[in-house]
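S.K.: I am attaching a structure below and will ask some questions about it afterwards.
Read the figures in this text as sums done on the coordinates, not as results from a lab. These numbers come from a predicted model, not from an experiment. For neighbour counting, all protein chains shown are included, and Cβ atoms are generated from backbone atoms with ideal geometry for every residue, glycine included.
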Ligand SMILES: [Zn+2]
Ligand SMILES: [Zn+2]
């Protein structure tokens, strides 16, 4: 099969993309795939940059009717406060800067993950033991906080004190590295 | 210490014990996990200091004891290796080109038999890879999972309930897992069936690519089948889907081989022995031709047309005749023309050894 882009070299890479439920096939040689920025899993020589940035730019308000720059039309910059990476930069490089970027850019990530992972946005695989244990405790604390709030609103102070102690113990567990089972 | 061995031998010890399950078609199975640590910026944005700290911390944690039955891991730091030594490790698939060329404070931890490689400061903080000979997806999954747990006892992973293991690139998030199977599919290529099968494979979220060759085609009829999707499916399901497709490819390749043997045995024999003749007699050989001829001879071995030569010769010579290894043997840099001469000599020598031994 010849590469559908240059029609010269053998197609070495075969992509299927599902976009809005429509299947799209591509057969490219490595050079053309590289030019198009198609990602080849298991290889680091190429990247998904262009593919992603195409998608991400699409999302940004472009072609505004007023062509001259006005302050009001500048979209609010999303920036990860942990590593300083802006969403714009992420869109360009196709790489997150730190684990907090996932939180910082969360509202914009679903469409990207959907496209890259055949419509999926949620993890359905392994939960690591320690991180998983700590997550459970954190979730427990979250629940107890709500309970505490509830008791305080109802002026059930004795109950509230009990819940507060539980939260304190759980927080201590996390600090002592329990849940690191 | 064993740096010399990692560098000088083309065949990793794990490959040596003969072909694995379905070894006439599946050369090797690999599972790779991408992991990052909490509280450290990812390598691509990390400062020199942060990358250095992460390397020191993680390599210390991972070498203070060893995974059961594995022995201690050997640490090789990229900035302590020569460019050609790094190239050789890339050619053996022990490290990635990214780690060799672009990483900041990059390093790799290698098990003694080279079946396990843990890259540090690659695109992600940790890239764990397990290699098995033949078709051994389950074994790879069990080992990579066990090693993953072992690592997680020592360092804290960046993990999120909703998105799973957080990775630098959105294409790896979730399981962070890439499972791949390296297959030799000469009969499907010869009968032009592979091109018809590929779209169906892609539809299942799997990717097929050639392994060797700088530009266009799959040299040596060697293909890598791997999962593209890492989010929204469990590790077991990903491996199960891959297994199903690989089983079908194995079956199709066997049919195609039988068919060729039935309808055009003499032509195939002719092709195989011509290639054998070229490999044993040529004085100049380009890598592309070497790959084609080696693939023919390997097919001849698998179909019992040629006796007394180990099937390993394909894997071994594919690795051994790449530029890094040729230069390693020569002990100096070589021009492409010089490499072609050395390649031919090395293959002749190796074929002679096989026939005598
Ligand atoms: Zn092309
Ligand atoms: Zn960040």
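S.K.: Treating the angle as unsigned and between 0 and 90°, give the value, to the nearest 10°, between the Cα long axis of helix B:48-63 and the longest Cα principal axis of chain B.
M.R.: 80 degrees
S.K.: Given 4 °C and 1.567 mPa s, compute D for the range B:1-104 with the Stokes-Einstein relation, Rh being the Kirkwood radius over Cα pairs; round to the nearest whole µm²/s.
M.R.: 80 µm²/s
S.K.: A further question on this structure: In whole angstrom, note down how far apart the Cα centers of the range B:228-244 and the range B:264-334 are.
M.R.: 34 Å
S.K.: Cα axis of helix B:137-152 to longest principal axis of chain B: angle in degrees, 0 to 90, nearest 10?
M.R.: 20 degrees
S.K.: Report, to one decimal in Å, the Kirkwood hydrodynamic radius for the protein assembly as shown based on all distinct Cα pairs.
M.R.: So the Kirkwood estimate lands at 25.4 Å.
S.K.: Considering every residue in B:45-52, what mean count of other chain Cβ atoms within 10 Å of its Cβ is obtained?
M.R.: Partner-chain Cβ atoms within 10 Å, mean over residues of B:45-52: 2.
S.K.: At 7 Å along Cα-to-Cβ for each site, give me the label-to-label distance between residue A:106 and residue A:164 in nm.
M.R.: 2.8 nm
S.K.: Please give the Cα centre distance for the range B:52-80 versus the range A:81-144, rounded to the nearest Å.
M.R.: Centre-to-centre (Cα) distance: 28 Å.
S.K.: Then there's this: Under a crude label model (7 Å from the Cα following the beta-carbon direction), how far is residue B:3 from residue B:283 in nanometres?
M.R.: 3.9 nm
S.K.: Evaluate Rg over Rh across the range A:89-181, taking Cα atoms for both radii and Kirkwood's formula for Rh.
M.R.: 1.14
S.K.: Beyond 15 Å, what percent of the Cα pairs of the range A:132-176 remain?
M.R.: Here the long-distance tail beyond 15 Å is 40 percent of all Cα pairs in the range A:132-176.
S.K.: Given the Cα-Cα distance of residue B:154 and residue B:191 and 0.36 nm per residue of separation, how much length would full extension add, in nm?
M.R.: Fully extending the segment from residue B:154 to residue B:191 adds 8.2 nm.
S.K.: Still on this model: Between residue B:49 and residue A:140, what is the FRET efficiency for a Förster distance of 41 Å, r being their Cβ-Cβ separation, to the nearest 0.05?
M.R.: 0.65
S.K.: Which whole number gives the average, over all residues in B:153-159, of C-beta atoms from other chains lying within 10 Å of the residue C-beta?
M.R.: 5
S.K.: Give me the Kirkwood hydrodynamic radius of the range B:264-356 in Å, from all C-alpha pairs, to one decimal place?
M.R.: 13.3 Å is the Kirkwood radius here.
S.K.: Rounded to the nearest 0.05, what FRET efficiency do residue B:104 and residue B:334 give with R0 = 35 Å and r taken as the Cβ-Cβ distance? Could you check?
M.R.: Computed FRET efficiency for residue B:104 and residue B:334: 0.75.
S.K.: Could you list A:105, B:135, B:165, A:157 so that the one with the fewest beta carbons within 10 Å of its beta carbon is first and the one with the most is last?
M.R.: Lowest to highest Cβ neighbour count: A:157, A:105, B:135, B:165.
S.K.: Compute the long axis of helix B:235-281 from its Cα atoms, compare it with the longest principal axis of the Cα atoms of chain B, and write down the angle in degrees, 0 to 90, nearest 10.
M.R.: So the helix axis and the longest Cα principal axis differ by about 30 degrees.
S.K.: Tell me the label-point distance for the pair residue B:349, residue A:7, using the 7 Å Cα-to-Cβ offset, in nm and rounded to one decimal.
M.R.: Inter-label distance under the simple model: 4.8 nm.
S.K.: Moving on. With N set to the number of residues, divide the alpha-carbon radius of gyration of chain B by 2.2 N^0.38 Å and report two decimals.
M.R.: Its radius of gyration relative to the 2.2 N^0.38 Å reference: 1.02.
S.K.: To continue, here is another question. Based on the Cβ-Cβ distance of residue A:150 and residue B:16, what FRET efficiency does E = 1/(1 + (r/R0)^6) give at R0 = 60 Å, to the nearest 0.05?
M.R.: In this case the efficiency is close to 0.35.
S.K.: How do B:142-152, B:8-18, B:184-194, B:259-269 rank on mean C-beta neighbours within 10 Å, highest first?
M.R.: Descending mean neighbour count gives B:184-194, B:142-152, B:8-18, B:259-269.
S.K.: Arranged by the count of other C-beta atoms within 10 angstrom, fewest first, what order do B:133, B:196 take?
M.R.: B:196, B:133
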